[in-house]
Amino acid sequence: MRIDRIAEPWGTRTPYGPGEQWPTRVDSYLADGLTADDVDRWVQSATILHSNGDGLDIAVKDDRIVGVRGREVDRVNHGRLGPKDLYGWQANNSPDRLTRPLIRRDGELIECDWDTAMEAVVGRARELLDEQGPSAISFYTTGQLFLEEYYTLGLIAHGGIGTNHVDGNTRLCTATAAAALKETFACDGQPGSYTDIDHCDVIALYGHNMAETQTVLWTRVLDRLAGPNPPQVVCVDPRETPVARAATVHLAPRPGTNVMLMNALVHELIAHGWIDRDYVGAHSVGFDELEKQTRAYTPEVAAEVCDVPADRIREAARIIGSAERLLSTALQGFYQSHQATAAAVQINNIHVLRGMLGKPGCGILQMNGQPTAQNTREAGADGDLPAFRNWSNDSHIADLAQVWNVDPMQIPHYSPPTHIMQQLRYVEEGSIRFMYVTATNPAVSLPELARIRSLLSQDRLFLVVQDIFLSETAQLADVVLPAATWGEKTGTFTNVDRTVHLSEKAVEPPGEARSDLDILIDFAHRLGLEDKDGAPLVKWSDPEGAFEGWKECSRGRPCDYTGLSYDKLRGGSGIQWPCTDEHPDGTERIYVDGRFWAQPDYCESYGRDMVTGAPVEETEYKALNPTGRAVLKAAEYVPPHELPDQDFPFQLITGRTLYHFHTRTKTARAPQLHRAAPEVWVEMSASDAADRGFVEGDLLEVTTPRGRVRAKVRISGIRPGVLFLPFHYGYWDTAHGSAPEGDDVRAANELTLTDWDPVSKQPIFKTAAAQVQRIATSTGPAPAPTTTGSAPVSGQVPPTTGGDDALAHEHVGGHA
């Protein structure tokens, strides 16, 4: 069967009931009218354009990628693919791929050879190391490389150069996921499994528009909802997303009040006795403080602050409290909001209070926003130390130094790793003089973009950008290094439920582009990085060698990969870590029977203060939790730092849309995805629009104290008093060679503020105070999709469709 997967993003329903296996449905898309018989070979991989980890095969013809097909045997997707999976691969074949290195000469970027580019990079790094030492050097990476590349980067930065200034753009999407897990369980690592959807009777989604961010996972939920005995759904989101429309109870709180709402839910669970006191007593610490803290947070108090009916809060608490198998998920609606970690920790608290961990249907998925975000955290490319080692534990430093064969003092552990927002302050002050940016576009994705552009374009900052296109950030660089991407290199990556996939090289990269691993190894060798015996620090030369090195680094740690190999990952499904000799087929659920990785001598973190973010000392943690139980952490509600006022009466939130990924460097180059959401828009409620006389498609100017953006208005189901802007659109449309006309600035992050969560250090994108005014009357509807959270509630808006070139194949119950 052929189906327009732009018009129907989640495809055909295959209903199933609790405890049953999710039926298979193999989705595929081939370009140019090709059929499966035309394909020369299929190459195993997984998706790279969202965080779900869908297993797929890459179709190759005449040494060129021509399509994809879902892997029926894969545990994650059972053959299904989402729109970004089906069409996004076309970016690989874009004619504007970077194919040669670029170097800045007389203010212009010009092509050069690799030796010239690398000697410029290494030469400047060497000068700064001699002049200022390691603190002059910083690295900012992505959530889209492979584990092998992250591990190599972490080794170079921490073990070779010795800088503490290492972070990833995962700071913008999943830093709070890691932080919340560390606060409750003293270690990263997701307690849930995707198969919990197959068993649960309640799903609670907190600030997680799963329908758009993980389309295949939402397809799994839709199939449960279409089957017998469907789960009830609780949704917390200020927008009327597809998740909200499917929910049993939809809570739409004011932005910035998530902690107030969560405390009210916890209050209700405790007040009504909907907790497992035996489990709490045997496997947790901190209950008395949590009970005391939440005592005053009644539904009536929360209703006043959150502007959510008290009865609706009670109903949500009753559903959660009476669940027999509860699955909870969270994403950017919590992570990019005020008091991010404190709110996400309350989700963990609910599961500990209810004793719902380590059993089928009883999971927590503190979601990732990117396909390999989990690997940045595991491998040490987000600033943390590899394999969830504790930077505050000297024995962990010594152990890592032994693995790397370096002096322990070479590994920086004198203070917490430097997150990107602090790195930028050091750039501003002039102490960081060299920034190496890999596969990310901070000139669009970071907050308060006027400031970011100013910092990245400083003459005293040497900016290296390693990417596949000339992004807005690459245009500011001193050296641009052309990289290979997914399908053009081999490596592994891990999704949010700890499933490890192998992605094989299918085709050669264009021109002189090289894999990120090859570039990093070349950088290390040219810089002369050595271990303490004088041997090269990086001892591998290919991905499999790097993977074997990583396995040894992970041995005995929570994310133990020692039972995995490339051969084991070939041909079948992804495998969940920990995978060891004891668990050779992987481990589906962790924290079974209240066994955690929280022992003081083993844990990754001793935790932080929920208000200030100050690290908890080892002695304090040992006194609190000597036997390694889960930690119930209380958090008081504190109002947001920027509130609406007479001049800026709205609250602005930013977010994603189903058809694009991050700053559109790839998805804007896929015609079907670009046409579905070609331009920025702003969402407003029907009541707010009516009060101002706005109609669908009016051109508005949205302003905050930091800047302005012009966009057509979509009158949607968003709650009153709130505006929504998708953040994907940069100042320049680098995919289509166009710049905004006049004042038509379109990057949402022109408006967001320089502020971050004290615990996770994740920037806050969802509480800016804003104003709007009409610039021009409507000449047609806003360019927002009708299939998503931006669905219109008024006006004549044509439905979003993909046309003939968006027709994909579906094979229900059998292989394509």
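Between residue 583 and residue 414, the simple label model (points 7 Å from Cα in the Cβ direction) yields a spacing of 3.8 nm.
Residues of the range 679-704 falling in the label zone of residue 774, defined by backbone nitrogen less than 19 Å from a point 7 Å along Cα to beta-carbon, are 681-703. Let a ≥ b ≥ c be the square roots of the eigenvalues of the Cα gyration tensor of the chain; is it rounded (a/c under 1.5), or, if not, prolate (a/b larger than b/c) or oblate? Rounded, since a/c falls under 1.5.
Determine, from the Cβ-Cβ distance of residue 63 and residue 679 and an R0 of 45 Å, the FRET efficiency 1/(1 + (r/R0)^6), rounded to the nearest 0.05. The calculated FRET efficiency here is 0.80.
With the simple spin-label model, which puts each label point 7 Å out from Cα in the Cβ direction, the residue 614 to residue 131 separation comes to 3.7 nm. Can you classify the range 359-477 as rounded, prolate or oblate using the Cα gyration tensor, where a ≥ b ≥ c are the square roots of its eigenvalues, rounded means a/c under 1.5, and otherwise it's prolate if a/b beats b/c and oblate if not? Because a/c hits 1.5 or more and a/b fails to exceed b/c, the range 359-477 counts as oblate.
Between the DSSP loop rule and a limit of at most 13 other Cβ atoms within 10 Å, which GluC sites (Glu not before Pro) in the range 553-629 are left?
Here the sparse-neighbourhood loop sites are 582, 617.
Taking a straight line from the alpha carbon of residue 539, these lysines sit under 20 Å away, with near neighbours fewer than eight places off in the same chain left out: 489, 551. Between residue 690 and residue 105, the contour length at 0.36 nm per residue exceeds the alpha carbon distance by 205.2 nm. Under 5 Å between amide hydrogens, built in the peptide plane, is the criterion, and for residue 530 it picks out 537 among residues at least 5 positions away or on other chains. Here is the P(r) of the range 35-131: all C-alpha pair distances, binned every 5 Å from 0, give 2, 11, 15, 14, 11, 9, 9, 11, 9, 6, 2, 0, 0 in whole percents.
Distance from the C-alpha centroid of the range 17-72 to that of the range 375-430: 38 Å, rounded to the whole angstrom.
Taking amide H positions as modeled 1.01 Å from N, with prolines and chain starts lacking one, the residues under 5 Å from residue 655 and 5 or more places away or on another chain are 725, 727.
List the chymotrypsin sites (Phe, Trp or Tyr not before Pro) in the range 598-639 that DSSP assigns to loop (not H, G, I, E or B) and whose Cβ has at most 15 other Cβ atoms within 10 Å. Which are they?
Details: sites: 602, 606, 621, 637; in loops: 602, 606, 637.
Passing both the DSSP loop test and the Cβ count: no residue.
Shape of the range 514-671 from the C-alpha gyration tensor: oblate (a/c of 1.5 or more and a/b not above b/c, with a ≥ b ≥ c the square roots of its eigenvalues). Among beta bridges from DSSP that stay inside the chain, the antiparallel ones total about 55%. Using Cβ point charges alone (K and R +1, D and E -1), the dipole size of the chain about the Cα centre works out to roughly 1420 debye. Compared with the direct C-alpha span, the chain from residue 624 to residue 289 gains 119.4 nm at full extension, assuming 0.36 nm per residue. As a calculated quantity, the FRET efficiency between residue 296 and residue 398 at R0 = 30 Å, using C-beta atoms, amounts to about 0.05. Taken one residue at a time, the phi angles of the range 109-122 give Karplus couplings (6.51, -1.76, 1.60, θ = phi - 60°) of 7, 10, 5, 8, 8, 5, 4, 4, 5, 5, 5, 5, 5, 5 Hz. Gly and Pro are set to x.
Label-to-label distance, residue 568 versus residue 535, with points set 7 angstrom from Cα along the beta-carbon direction: 2.4 nm.
Within the straight-line cut-off of under 13 Å between alpha carbons, the aspartates and glutamates reachable from residue 532 are 407, sequence neighbours fewer than 8 places apart in one chain being disregarded. Positive contributions from Lys and Arg (+1) and negative ones from Asp and Glu (-1), summed over other residues with Cβ under 11 Å from the Cβ of residue 87, come out at +3.
For the pair residue 322 and residue 555, the difference between a 0.36 nm per residue extended length and the Cα-Cα distance amounts to 79.9 nm.
Bear in mind these aren't lab numbers, they're just calculated from the coordinates by the rules spelled out. Note that the structure is predicted; figures quoted are calculated from it, not measured. Every residue, glycine among them, receives a Cβ derived from its backbone with ideal geometry; neighbour counts consider all protein chains shown.
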